[in-house]
1. Out of (1) loosely packed, with under 10 Cβ neighbours inside 10 Å; (2) modelled with pLDDT under 85, what's the single condition that is false for Pro91?
2. Among the listed residues Thr14, Thr21, Thr71, identify the single one that is at pLDDT 95 or above and of a type outside the set (Asp, Glu).
Amino acid sequence: MNRGINCDSVALVTRAGHKITLPKEQLTQGLALALLLLLMGLAIAGPSGLLAWGENEQLLGKHQARIAKLTEERDALRNRVRLLDPAHADPDLVGEQLRRNFNVVHPDEVVLILEPEGE
């Protein structure tokens, strides 16, 4: 008994053993395969795929550093506003602001104007 495969016995077969002979079935399964391949490609190389994770992590680190810096600046400004509150103003800070904004000095003070080092 020769059980070899000849040209007459070759056909497309599904897992369940059904032969795919209709062009419509072949087209449907071909489109389903193409869709799955497209989804797999997007999962790997898409904007939120595996390859984009490294770049997203890098951007996340930069954004977190910027948020930390802005939080520090906000806290410093919040503290300055608290010190300048009219009900409980800090006398040293008020005196500093008066001297800087209105060029006011005490009679016994000497003012030295220093130019910035960069110029």
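1. Going through the list (1) loosely packed, with under 10 Cβ neighbours inside 10 Å; (2) modelled with pLDDT under 85, Pro91 breaks only (2).
2. Thr71
The values are calculated or read from the model by the stated rules, or taken from the named source; none is laboratory data. Just so it is clear, the structure is predicted and the values come from calculations on it, not from any experiment. So basically every Cβ, Gly included, is an ideal-geometry build from the backbone, and we count neighbours across all protein chains shown.
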